[in-house]
Amino acid sequence: MMHPANANEDVTRGSSQSRQTAGRRKISDELQLHLAFRVSSFASFSRKENVPSTVPITSPDQPPIPIRPCPREDNATMLDPDTPIALHIIPFFDVRTILTNSYEGRLIVESLDKDSFVTIKQRRCMIRILVSYLIEKFGETPSSETKKGLASALVQAFPCLHDKTASGYDTWYAQCRNNRPATGFIEERLRNIRKRLRRLRRPQGEKDNAPSRTVVPVESAISEERAEEIKQWLRNNTQPISQVEQYMRETALCRVQWIRANNSKNMFEVLHEFPRLTTTGMIAQDFHVLHQDAAPKLFEKWLPWYTDRILHFAEREAKLPCSVEEMTEDAKGNFALKLLPVLLPPPPYKIGRKTVRPSVDESKKAFIDIQPVGTSMVEYLQQAEASRPYPYVLSLENGHIDSQAFVILAGKALEQSTLIGAVDVCFKSFYVFDVNYPKQCFYCWEFIQNVYELEVDDKCGNGQFQ
């Protein structure tokens with residue numbers, strides 16, 4: 001039989017525990033409310049034990065979406081202070097602004113506001129514009145939270161697009177569940193783009209394991225002894241220029257064979273062996289010996305055939321930053337070249353176990369680095385020699401007008417008369433030196449390779465521009 005004093009003590013203890021539990025529940029509720037307002041339109045949160053996360057709103061003018069209740073019986077333990085909280089960062093998507101940045105997008109917004117519906121053609125165009133923006137900002141594999149944020153922002157901006165699913169936007173994006181892949185118009189568009197980009201992608205192993213870009217067509221017509229004599233003369237002489245050009249032409253195949261046989265040598269070592277390669281016209285001459293038919297293709301086809309199609313594609317994808325109507329034909333051609341890193345976003349690649357996802361800005365600098373007129377070339381080349389072991393183009397601009405163009409190669413600046421001329425020499429240097437395209441702008445050079453009608457390893461064609 002329980003002693004009365006002990007019974008009173010148990011009652012007191014029970015009351016105290018009840019108050020503590022209620023207090024913890026109140027604190028937990030307050031903590032949930034506080035976090036809901038703290039993350040509002042920027043993040044959702046959940047425990048790392050399969051607690052469903054909340055999709056936040058994308059407009060600060062609307063109240064936050066209520067947190068869905070946890071499926072556990074005891075909601076008071078949902079946000080235990082000892083349990084780590086995972087924050088899913090979701091950016092702000094101003095869907096109206098994204099769409100109205102293009103002519104076609106403005107027509108779609110007007111149609112949605114006026115008629116509250118879109119045609120199939122308008123819907124496809126709208127998804128194309130939104131997914132292009134998504135890839136530009138977050139790459140070709142954005143997180144599921146980011147995609148949900150875009151879908152949620154879309155139906156909030158245009159309530160007529162709201163569907164009858166629980167989320168209200170599964171038509172536009174539905175996250176994978178129960179071993180079923182993600183679906184929706186946004187996901188399908190991303191999946192199709194990734195397929196196209198994979199066709200462009202080819203294995204990029206270490207240089208020692210990479211096949212040579214160029215197969216030497218025939219044996220050299222001069223003996224090894226004569227080739228060695230000419231090489232020694234070229235090392236010690238830069239004049240007369242006509243003699244340099246003749247000797248370089250005679251030894252082109254010998255030089256190609258040496259570079260292929262010593263493919264572990266970098267560009268600095270190759271230039272130490274053959275210093276006259278940086279003489280004006282010598283890279284183009286060596287390339288012409290190897291690929292005579294392909295050599296003039298860029299100048300023959302870029303204007304107007306490729307230029308017009310690239311500018312049209314950029315306008316369709318809402319990636320044309322300014323009007324080109326007042327530009328000269330040459331200016332349009334240069335502008336189309338500079339748009340390639342934007343239209344062909346760089347692929348992720350691995351360094352050891354680390355996955356690197358280069359940005360569009362990094363791709364631009366690795367392809368055509370734009371600097372203002374007056375840049376100190378001495379300091380610039382010192383930095384380039386230390387940080388960029390691959391050929392690329394430097395364009396010095398005064399406002400938006402191209403002033404000078406260079407090919408930057410092993411810390412040396414080879415000036416060219418035009419920007420397209422610099423791109424031409426830069427591309428040919430990859431073949432002459434037998435080096436791989438830099439991964440930051442791999443797709444850009446792969447596209448240029450198609451202009452020259454040179455065989456692509458996976459015979460993929462020109463990807464998005466088909």
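The values are calculated or read from the model by the stated rules, or taken from the named source; none is laboratory data. Quick caveat: nothing in here was measured; it's all calculated off a predicted structure. Cβ coordinates were reconstructed from backbone atoms using ideal geometry, including for glycine residues, and neighbour counts include every protein chain displayed.
Give me a count of the residues in the range 363-415 that are touching a Phe, Trp or Tyr at 6+ places or on another chain (Cβ under 6 Å) and on the phi > 0 side of the Ramachandran plot.
Qualifying residue count for the region: 1.
For the structure I just gave you, tell me whether Glu300 is acidic (Asp, Glu), under 30 Å from Ile193 (Cα atoms) and in contact with a Ser or Thr (Cβ under 8 Å, 6 or more places away or on another chain).
Taking the combined requirement at face value, the residue does not satisfy it.
Let me spell it out: the conditions are (1) touching a Pro at 6+ places or on another chain (Cβ under 9 Å); (2) at pLDDT below 90; (3) farther than 29 Å from Cys322 by Cβ, and Arg353 meets all of them except one. Which number is the exception?
So the condition that Arg353 fails would be (1).
Using the structure shown, decide if Glu140 is at negative phi, in contact (Cβ under 8 Å) with a residue 60 or more places away in the chain and either basic (Lys, Arg) or part of a loop (DSSP other than H, G, I, E, B) (or both). It would help to see each step written out before you state the result.
Values: at negative phi: yes; in contact (Cβ under 8 Å) with a residue 60 or more places away in the chain: yes; either basic (Lys, Arg) or part of a loop (DSSP other than H, G, I, E, B) (or both): yes.
It is true that Glu140 is at negative phi, in contact (Cβ under 8 Å) with a residue 60 or more places away in the chain and either basic (Lys, Arg) or part of a loop (DSSP other than H, G, I, E, B) (or both).
So which residues in the range 340-370 are touching a Ser or Thr at 6+ places or on another chain (Cβ under 7 Å) and among the aliphatic types (A, V, I, L, M)?
Listed by number, the residues that qualify are Ile368, Ile370.
Mind checking which strands (runs of 3 or more DSSP E) fall wholly inside the range 318-412 and carry at least 2 residues that are touching a residue at least 60 places away in the same chain (Cβ under 8 Å)?
On the way: elements: 349-351, 354-356, 368-372, 392-398, 401-409.
Of the strands (runs of 3 or more DSSP E) lying wholly inside the range 318-412, those with at least 2 residues that are touching a residue at least 60 places away in the same chain (Cβ under 8 Å) span 401-409.
Can you tell me which condition Phe447 does not meet? The list is (1) at pLDDT below 90; (2) within 21 Å of the chain's Cα centre (by Cα), and all the others hold.
Of everything listed in (1) at pLDDT below 90; (2) within 21 Å of the chain's Cα centre (by Cα), Phe447 misses just condition (1).
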